[in-house]
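The values are calculated or read from the model by the stated rules, or taken from the named source; none is laboratory data. In this text, all values refer to a predicted model and were calculated from it rather than measured experimentally. Glycine gets a Cβ as well: all are built from the backbone with ideal geometry, and neighbour counts include every protein chain shown. Please note that ligands, DNA and RNA were not included when accessible areas were found on the heavy atoms of the full protein model with its side chains. Shrake-Rupley method; radii C 1.70, N 1.55, O 1.52, S 1.80 Å.
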Amino acid sequence: MIVGIDVGATTISGGLVSEQGEVRVAVRAPTRGLGPGRAVQTLVGVVTDLTGQARRRGLALDGIGLGLPGLVDVDRGMMVSPHPLVGEFTGVPLADQVRAATGLPVFVDNDANALVLGEWLFGVGRGARSLALLAVGTGVGGGLVLDGTLVRGPSGSAGEFGHVPIDFEGPRCPCGGHGCLNLYTAGDSLERMARASLERGEESRLLALAGGDPGAISSRLVFEAAFLGDAVARGLVDRACRALGAGLGVILNSLDPEVVVITGGVAASLARLEAAIAGHTRRYALDPARVETRLRIVPADKSGTMRGGAALALYELRRRPAAPAGTPGRPAGQAPAVPRPARG
Ligand SMILES: [Zn+2]
C-alpha cells in the first residue's frame with residue numbers, strides 16, 4: 001500500500017492506494033485551513049492521518065509520493081519555483097519533513113509528472129512505452145514518459161508542454177516566454193480573455209450566465225456559452241482547440257508518443273470537443289505520428305491525482321530499490337512488489 005498525495009493551491013488530497021491503483025481511503029483538507037503560513041503542517045497532518053488509518057487497518061505501507069504544484073528539485077525533495085498561492089511550500093525540504101514524521105521513503109515531483117506516471121501505471125496509458133500528458137487546468141502542465149522512463153531533464157522542466165510557443169510573436173506568458181500554449185487554453189487564460197471581451201463592449205451572454213458578475217466567469221461557463229452559440233465564447237473555445245491542435249502537433253512531431261492524454265480541470269469541457277481537437281491536430285502533425293498516436297481525454301478527478309502521487313512512489317521504489325537502504329520502515333534488500341506496466 002502506498003500513500004499518494006496531491007498538493008493543490010486550495011486542497012490537499014491524499015489516499016491509501018493499492019499497487020493496482022485502487023484508492024482505499026481518501027482524506028482531504030483545505031490547504032490553508034490552519035491559517036496563513038501553516039500549509040506544510042496541513043500537509044504533514046494529512047499524511048499522518050493516512051498512516052494512522054493504515055496502521056489501524058493493519059495495512060503495510062511501502063512509501064509516500066507527493067505531487068506538488070510547481071517546479072520540483074527531486075533530489076533535494078522540495079518545490080523550487082515560487083507559487084503565487086502556496087509560496088510557503090517553496091524551498092521547504094518537504095520530503096525530509098514527511099520522512100521524519102513517518103519513517104517511510106518519501107518521493108516528491110511536479111504534479112503533472114505524478115499524473116503522467118498515474119496514467120501510465122494505472123490509467124489509459126497502461127502498457128504504453130511512451131506517453132505524453134497535458135494537464136489543462138488553471139494553467140497547463142505537462143509530463144512525459146519515453147521508453148519507459150519519466151523524462152525530467154537537468155532542470156526538472158522537461159515535458160512542460162503548456163509552455164511550448166505556438167505563436168512566436170504572441171503575447172507574453174507569465175513564464176517569461178511568448179505565445180505559449182498556456183495562453184490560449186488554460187482555464188485562467190480563457191476567463192481573462194472572456195472578461196477582456198466584455199470590457200471591450202463585445203455582445204455576449206456570458207455576463208448574464210455569470211449572474212451579472214464578470215468575476216464569476218469560469219472557464220466552464222465559457223464552454224457552456226460556446227455550446228449555446230455565444231459568438232464571443234465560441235471564438236475563444238475555437239481558438240483553444242486550434243491552439244491544442246498546434247501544441248499536439250509539436251508533441252507528435254517531436255516525440256511521436258504512443259498515447260497523449262489530456263486531463264485536468266478543463267478536460268471535462270474539452271471531451272465534448274475531441275473531434276474538433278483531432279481535426280486541428282491533423283493540420284499540424286505529420287501523418288505517420290498522427291496515425292500511430294492515440295489521443296485520450298480524461299476528465300480530472302481527485303482519485304486520479306492521489307493515484308498520481310502513489311504512482312510516483314511506486315516508480316521511484318522500483319527504479320532505486322537500493323536507495324532507501326537503512327531507511328526506517330524497510331529492511332535493506334527488500335524491495336516491494338511493484339507492478340510493471342504490461343507490454344502491449
Ligand atoms: Zn509560458
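Here are some notes:
- Evaluation of L66 against (1) modelled with pLDDT under 95; (2) open to solvent by less than 30 Å² (accessible area, probe 1.4 Å) (one fails), failing number: (1)
- Residue that is farthest from the ligand (Cβ to nearest atom), among those in region 202-228 that are open to solvent by less than 60 Å² (accessible area, probe 1.4 Å) and closer than 19 Å to E274 by Cβ: A226
- Only one of the listed residues (T90, T51, T10, T42) is touching a helix residue (DSSP H, G or I) at 6+ places or on another chain (Cβ under 8 Å) and among the polar types (S, T, N, Q). That residue is T51.
- Scanning region 178-200 for residues that are touching a Leu at 6+ places or on another chain (Cβ under 9 Å) and within 24 Å of A267 (Cα to Cα) returns L181, Y184, T185, S189, L190, E191, M193, A194, R195, S197.
- For region 158-198, residues that are closer than 18 Å to P84 by Cα and among the polar types (S, T, N, Q) total 2.
- Selection over region 95-135 of residues that are assigned to a loop (DSSP other than H, G, I, E, B), of a type outside the set (A, V, I, L, M, F, W, C) and surrounded by 21 or more Cβ atoms within 10 Å (Cβ to Cβ) gives a count of 3.
- Selection from region 73-92 of residues that are over 19 Å from the mean Cα position of the chain (by Cα) and either surrounded by 15 or more Cβ atoms within 10 Å (Cβ to Cβ) or hydroxyl-bearing (S, T, Y) (or both): E88, V92
- Tally, over region 142-174, of residues that are near the ligand (Cβ under 10 Å from one of its atoms), over 21 Å from L270 (Cα atoms) and hydrophobic (A, V, I, L, M, F, W, C): 1
- Filtered by the rule that a residue be in contact with a strand residue (DSSP E or B) (Cβ under 8 Å, 6 or more places away or on another chain) and either in a loop (DSSP other than H, G, I, E, B) or open to solvent by 30 Å² or more (accessible area, probe 1.4 Å) (or both), region 47-56 gives D49, Q53.
- Residue count for region 305-316, restricted to those that are open to solvent by 20 Å² or more (accessible area, probe 1.4 Å) and over 12 Å from E19 (Cβ atoms): 1
- Qualifying residues in region 146-174 (those that are hydrophobic (A, V, I, L, M, F, W, C) and surrounded by 15 or more Cβ atoms within 10 Å (Cβ to Cβ)) - the one nearest to L117 (Cα to Cα): L150
- Residue selected from region 175-201 under the condition on the phi > 0 side of the Ramachandran plot and within 15 Å of the ligand (Cβ to nearest atom), by the criterion surrounded by the most Cβ atoms within 10 Å (Cβ to Cβ): G179
- The test for being open to solvent by 10 Å² or more (accessible area, probe 1.4 Å), in a helix (DSSP H, G or I) and within 11 Å of the ligand (Cβ to nearest atom) does not hold for L236.
Here is a yes/no grid of residues against (1) free of Cβ contacts under 8 Å to residues at least 12 places away in the same chain; (2) in contact with a strand residue (DSSP E or B) (Cβ under 6 Å, 6 or more places away or on another chain); (3) within 26 Å of S218 (Cβ to Cβ):
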{"position": "G118", "(1), (2), (3)": "no, no, yes"}
{"position": "L121", "(1), (2), (3)": "no, no, no"}
{"position": "A135", "(1), (2), (3)": "no, yes, yes"}
{"position": "V140", "(1), (2), (3)": "no, no, yes"}
{"position": "L144", "(1), (2), (3)": "no, yes, no"}
{"position": "D147", "(1), (2), (3)": "no, no, no"}
{"position": "V151", "(1), (2), (3)": "yes, yes, no"}
{"position": "P154", "(1), (2), (3)": "yes, no, no"}
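- Counted residues, region 284-310 - those being more than 30 Å from T51 (Cβ to Cβ), in a helix (DSSP H, G or I) and modelled with pLDDT under 95: 6
- For region 20-46, the set of residues classified as at pLDDT 95 or above, part of a loop (DSSP other than H, G, I, E, B) and surrounded by fewer than 17 Cβ atoms within 10 Å (Cβ to Cβ) consists of Q20, E22, listed by residue number.
- Every pair of residues 6+ apart whose Cβ atoms lie under 8 Å, when the first sits in region 168-183 and is more than 16 Å from G142 (Cα to Cα) while the second is part of a loop (DSSP other than H, G, I, E, B) and within 6 Å of the ligand (Cβ to nearest atom): G179/C173
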